[in-house]
1. Hand me the GluC sites (Glu not before Pro) from region B:17-82 located in a DSSP loop with no more than 16 other Cβ atoms within 10 Å, in residue order please.
2. Please sort by residue number the trypsin sites (Lys or Arg not before Pro) in region B:310-357 whose DSSP state is loop and whose Cβ has at most 11 other Cβ atoms within 10 Å.
3. Compute the label zone of residue A:39 within region A:98-120: residues whose backbone N is under 15 Å from the point 7 Å along Cα-to-Cβ.
4. Where does chain A land at 222 nm, in deg cm²/dmol rounded to the nearest 500, when only DSSP H runs of n ≥ 4 count, each adding -39500 (n - 2.57), divided by all residues?
5. Would you calculate the separation in nanometres between label points at residue B:5 and residue B:202, each defined as 7 Å from the Cα along the Cα-to-beta-carbon direction?
6. Mind checking the full-extension length gain between residue B:78 and residue B:298? Use 0.36 nm per residue of separation minus the Cα-Cα distance, one decimal, nm.
7. Please state the relative contact order of region B:5-356 as a whole percent: Cα pairs under 8 Å, 6+ residues apart?
8. Please give me the summed charge of the neighbours of residue A:126: other residues whose Cβ is under 11 Å from its Cβ, Lys and Arg +1, Asp and Glu -1.
Amino acid sequence: MITYFKNVFSGLVNLCKGMYITMLQFCRPKVTEPYPENRKTRKQFERFRGELTMPHNDKNEHKCTGCGICAMNCPNQTITVTKNKVTTEDGKAKIELDQYLYDLGSCIFCGICTQVCPQNAIAWSTNFEHAVFTKSKLVKQLNKPGSKKEEKPAPVKAEPAEKKEAPKENNDKSE
Amino acid sequence: MSLELSGLINAIHEGLTGAIEAQWLVSLIEYVLVGAGLLALYALIALFLIIFERKICAWFQCRLGPNRVGPWGIFQVFADMLKIMFKEIIPLKHNDKLLFYAGPCIVVIGSFLTFGGLQFAEGVHGVDLNIGVFYLLAVSSISIVGVMLAGWSSNNKYALIGAMRSGAQVISFELSACLSMMAVVILGGSMNLSTLMEKQEDLWFIFQAPVPMLIAMVIYLIAAHAETNRGPFDLPEAESELTAGYHVEYSGMTFGYFYVAEYCNLFINAAIGALVFLGGWQAFHIPGCDGFNAVMDMCPSYVWFFLKCLFFIFMSLWVRWSFPRLRIDQLLHLEWKIMLPFSLFNILLVAVWVIIF
């Protein structure tokens with residue numbers, strides 16, 4: 001008999017506790033993003049993978065060497081890298097990036113390309129408004145027209161060594 | 001007191017009697033007017049409650065709720081109403097057609113009939129029956145017949161199980177609701193709602209006898225909530241087990257009837273609770289404080305009534321979005337082993353209270 005009353009009243013108290021919790025939720029600020037209205041003020045998460053970009057500096061220079069590791073690692077063949085063979089002034093043959101094509105339509109946003117890039121030449125932007133009316137517009141050229149590879153002040157010969165080491169490490173990570 | 005609706009009603013009545021000589025014609029026109037007014041109120045309350053519930057539910061879940069159609073999404077519910085009206089009513093092959101279509105109609109009729117007995121404001125009510133409380137309780141439980149018919153005639157196992165569960169639940173909880181009403185009737189000394197309103201003019205019943213009335217109110221709220229098949233007591237409609245329960249085979253406006261009746265039952269239960277516990281349309285009065293009472297009287301009586309209803313509806317939604325669903329044995333245990341003994345004891349308590357004070 002005593003346990004019966006105990007159960008009833010403790011049950012009532014517990015119900016009140018539960019309702020107190022939901023009331024706290026009721027008074028909390030709401031998490032819904034009223035999207036098109038707050039377009040200018042909203043903040044996207046920094047690590048959100050919206051679309052692949054190739055950051056260029058002020059002089060219209062990028063870091064891509066055209067090595068093609070990103071294209072090799074891409075699970076969907078989303079990235080196509082075409083290269084040019086150029087002869088430099090001192091007579092050396094050099095490979096230079098011609099076109100860096102990125103097909104947003106087939107990208108699965110896995111992020112392997114940015115992980116394996118030895119030069120950190122590509123990065124994710126948080127832009128997510130991709131809608132277009134024609135599928136062909138989804139294929140984007142990431143290197144801007146007329147852009148060049150950014151020359152490093154460090155000795156040119158040191159670079160190839162770095163190149164060889166870096167991809168190995170990164171490949172292990174991605175696997 | 002120009003804000004009160006009773007003046008308008010009297011003006012209409014005098015205008016009609018002045019214009020038309022035949023008394024029967026005046027009465028007929030007035031009946032039609034009252035019926036049309038109540039029907040309009042019925043539909044409007046259902047619409048309002050749908051948007052109210054969606055908003056409150058969203059806020060309890062830290063969302064914003066409908067906010068696209070119109071300001072704060074208030075026109076969303078009209079769009080939904082139009083949609084459900086234009087939807088096709090899918091006929092079934094192997095079922096009892098008459099009972100199948102009678103089900104939703106009986107549900108709506110059952111909840112609409114209660115509107116005739118409610119008192120919406122000072123002097124604004126359909127019929128002032130001398131057994132008003134009894135009428136309200138009796139008529140509001142007609143709906144369960146419609147639910148059982150719907151479940152039976154759908155020729156669907158889920159619908160049948162849902163209807164049977166609903167029947168067991170509503171009939172059980174009806175007991176507690178009626179017994180807590182009986183406590184009020186003992187305190188008020190009448191079943192007539194107008195008399196009950198008069199008795200609550202100075203102090204609402206909940207303040208006249210705080211202990212037994214609080215127990216009665218809590219029991220009534222739980223029982224009424226269970227009767228609407230909502231919240232933690234929604235096992236007749238348990239989606240995960242029964243798809244949608246008794247109305248699984250209904251589509252279009254036949255389903256719309258169940259939907260409207262569900263929301264109106266929510267209002268009716270809140271209204272009955274407000275009428276008998278919180279003084280209905282009576283303003284909040286403290287005996288002795290004339291200045292305070294005068295200020296409270298500035299607010300029209302229908303505003304008081306609907307505010308109290310909203311309070312109870314909000315409580316109902318609060319409970320609904322707080323607790324998980326009960327199992328059928330837990331549900332019947334709650335009714336027969338906890339609420340029924342408590343409400344029987346409460347009647348005794350009220351009787352003693354009335355004798356002593």
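The values are calculated or read from the model by the stated rules, or taken from the named source; none is laboratory data. Just so you know, these numbers come straight off a predicted model, no measurement behind them. Ideal geometry is used to build each Cβ from the backbone, glycine not excepted, and the neighbour counts take in all protein chains shown. Heavy atoms of the whole protein, side chains included, go into the accessibility calculation; ligands, DNA and RNA do not. Shrake-Rupley method; radii C 1.70, N 1.55, O 1.52, S 1.80 Å.
1. Those satisfying the criteria are B:21.
2. Numbers: sites: B:320, B:325, B:327, B:337; in loops: B:325, B:327.
Answer by residue number: B:327.
3. In region A:98-120, the label zone of residue A:39 (backbone N under 15 Å from the point 7 Å along Cα→Cβ) covers no residue.
4. On the way: 4 runs with 53 residues, N = 175.
Roughly -9500 deg cm²/dmol at 222 nm, from the helical runs in chain A.
5. Modelled inter-label distance: 2.9 nm.
6. Computed gain between residue B:78 and residue B:298 is 75.9 nm.
7. In percent, rounded to a whole number, it is 22.
8. Summing Lys/Arg as +1 and Asp/Glu as -1 gives +1.
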